[in-house]
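Here is the structure we will look at, set down as structure tokens.
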Amino acid sequence: MSTSYFVAADWLIEHGDDPEVQIIDARMAPPGQEHRDVPGEYREGHLPGAVFFDIEALSDHTSPLPHMLPRPEAFSVAMRELGVSKDKHLVVYDEGNLFSAPRAWWMLKQFGVEKVSILAGGLAGWKRDELPLQQGDVTLPEGEFDATFDANVVKRLTDVLVASHEKTAQIVDARPAPRFNAEADEPRPGLKRGHIPGALNVPWGDLVFEGELKTTDELRAIFDRAGVDLHRPIIASCGSGVTACVVILALATLGANDVTLYDGAWSEWGARDDLPVEPTK
């Protein structure tokens, strides 16, 4: 198991002319910042040659839940139109906070891309090093992308309900502690406070330092303190399935191999009146 899922900016510069490397801009606005024009921000300045991987646009629009995983056929078409090819080495970045690049990394991996890396430090690190940016859209020839998908990597509400009730898997919630502990409102309106009964809290921000994951020793200690057993099945959750992928990335770095995602996450669970919630009022 590789301990590093990241590449550095200097590696990317060295491979700038490599036709087997493609760069993907996966920045997205966190909840509460929906007013931002993220595609416009991409056009104002992105890494040279990077195409815009719009997580919102690439979601299942038949679902009322935010940015749910699309159908493999729809994802294949979208990637081909972007010019992204499945057999190339894809390098994903976000604004530099490691908020959304792991979601794009996870999506690409689940749809069958073998070589996906995340740019350490993201856009912020690139700018800090005063490296060149490109403006406008990037148009590439059609890519070759035929998605494969294992439905078992995504858990549904009923799966999570069973895991919560029967303790067949650990539910690890990536939301900040005040939201997990029902001390703060959710950024999305209409959701209850609290968490899925029995869930363990590993706030995604605790795993990150300057757009990279912390060291494996630090990561191991964080999961250990939260009571997570890396050798037992884990279902990652969060507010809407995005930052749970930071937890999944960290767990992959530590070699945990039975890790799935509850894609509906708190956006689904917290909107229901017929599901148990902790802490009880």
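The values are calculated or read from the model by the stated rules, or taken from the named source; none is laboratory data. Everything numeric here is computed off the predicted structure, so don't read it as measured data. Don't worry about glycine lacking a Cβ; one is built from the backbone with ideal geometry, like all the others, and counts go over all protein chains shown. Ligands, DNA and RNA are stripped out before the accessible areas are found, and what is left, the full protein with its side chains, is counted by its heavy atoms. Shrake-Rupley method; radii C 1.70, N 1.55, O 1.52, S 1.80 Å.
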Item to check | Residue-count net charge about Glu41 - beta-carbon cut-off 9 Å; Lys, Arg +1, Asp, Glu -1 | outcome: 0
Checklist entry - Rounded to the nearest 500, what is the chain's calculated 222 nm mean residue ellipticity when only DSSP H runs of at least 4 contribute -39500 (n - 2.57) each, over all residues? => result -7500 deg cm²/dmol
Item to check | Stretchable slack from Asp18 to Asp217, in nm (0.36 nm times residue separation minus alpha-carbon distance) | outcome: 68.3 nm
Next on the checklist: Using a Förster radius of 22 Å, what is the FRET efficiency between Ala74 and His35 based on their Cβ-Cβ separation? Nearest 0.05, please.
Outcome noted: 0.25
Next on the checklist: Using 5 Å bins from zero, what percent of all Cα-Cα pairs in the stretch 209-268 falls into each bin?
Outcome noted: 4, 19, 27, 26, 17, 6, 1
Checklist entry - Taking the Cα atoms of the stretch 81-233 alone, what are Rg (to one decimal) and Dmax (as a whole number) in Å? => result 18.5, 53
Next on the checklist: To the nearest 20 Debye, how big is the dipole of the chain about its Cα centre, given +1 on the beta carbon of each Lys and Arg and -1 on that of each Asp and Glu?
Outcome noted: 920
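Give me the net charge of Glu73's neighbourhood, meaning all other residues with Cβ under 12 Å from the Cβ of Glu73; Lys, Arg count +1, Asp, Glu -1.
Values: positive: Arg71, Arg80; negative: Asp60, Asp146.
Value of the local net charge: 0.
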Next on the checklist: Given N residues in the stretch 1-160, what is its alpha carbon radius of gyration divided by 2.2 N^0.38 Å?
Outcome noted: 1.02
Checklist outcome for this item: Output ordering of 169-181, 208-220, 92-104 (per-residue mean of other Cβ within 10 Å, highest first) is 92-104, 169-181, 208-220
Checklist entry - Could you state the principal axis extents of the C-alpha atoms in the stretch 181-220, from the largest down, to the nearest angstrom? => result 36, 23, 12
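What net charge do the residues around Leu275 carry, taking every other residue with its C-beta under 14 Å from that of Leu275, with Lys and Arg at +1 and Asp and Glu at -1? Walk me through the numbers before you get to the answer.
Details: positive: Arg156, Lys192, Arg193, Arg272; negative: Asp159, Glu268, Asp273, Asp274, Glu278.
Summing Lys and Arg as +1 and Asp and Glu as -1 gives -1.
Volume per residue, Å³, of the convex hull around the alpha-carbon atoms of the stretch 48-117? Spell out each step's value before the answer.
On the way: hull volume 6.4 nm³, N = 70.
Roughly 91 Å³ of hull volume per residue.
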Checklist outcome for this item: For Glu95, other-chain or 5+-apart residues with amide H closer than 5 Å (H placed, Pro excluded) are Met28, Ser100, Leu123
Checklist entry - Probe 1.4 Å, all protein chains in place: accessible area of Cys238 in Å², nearest 10? => result 0
Checklist outcome for this item: For the stretch 56-192, whose charge dipole is built from +1 on Lys and Arg Cβ atoms and -1 on Asp and Glu Cβ atoms, the candidate among Ala163, Leu65, Phe149 with its Cα farthest towards the positive end is Ala163
Item to check | DSSP-defined beta bridges in the chain - what % are antiparallel, rounded to 5 | outcome: 15
Checklist outcome for this item: The number of Lys pairs in the chain whose alpha carbons lie under 26 Å apart, excluding pairs fewer than 8 residues apart on one chain, is 17
Checklist entry - At what distance in angstrom do the alpha carbon centres of the stretch 38-86 and the stretch 179-211 lie from each other? => result 26
Item to check | Sites matching GluC sites (Glu not before Pro) across the stretch 105-198 that sit in DSSP coil, with at most 12 neighbouring C-beta atoms within 10 Å | outcome: Glu114, Glu130, Glu142, Glu183
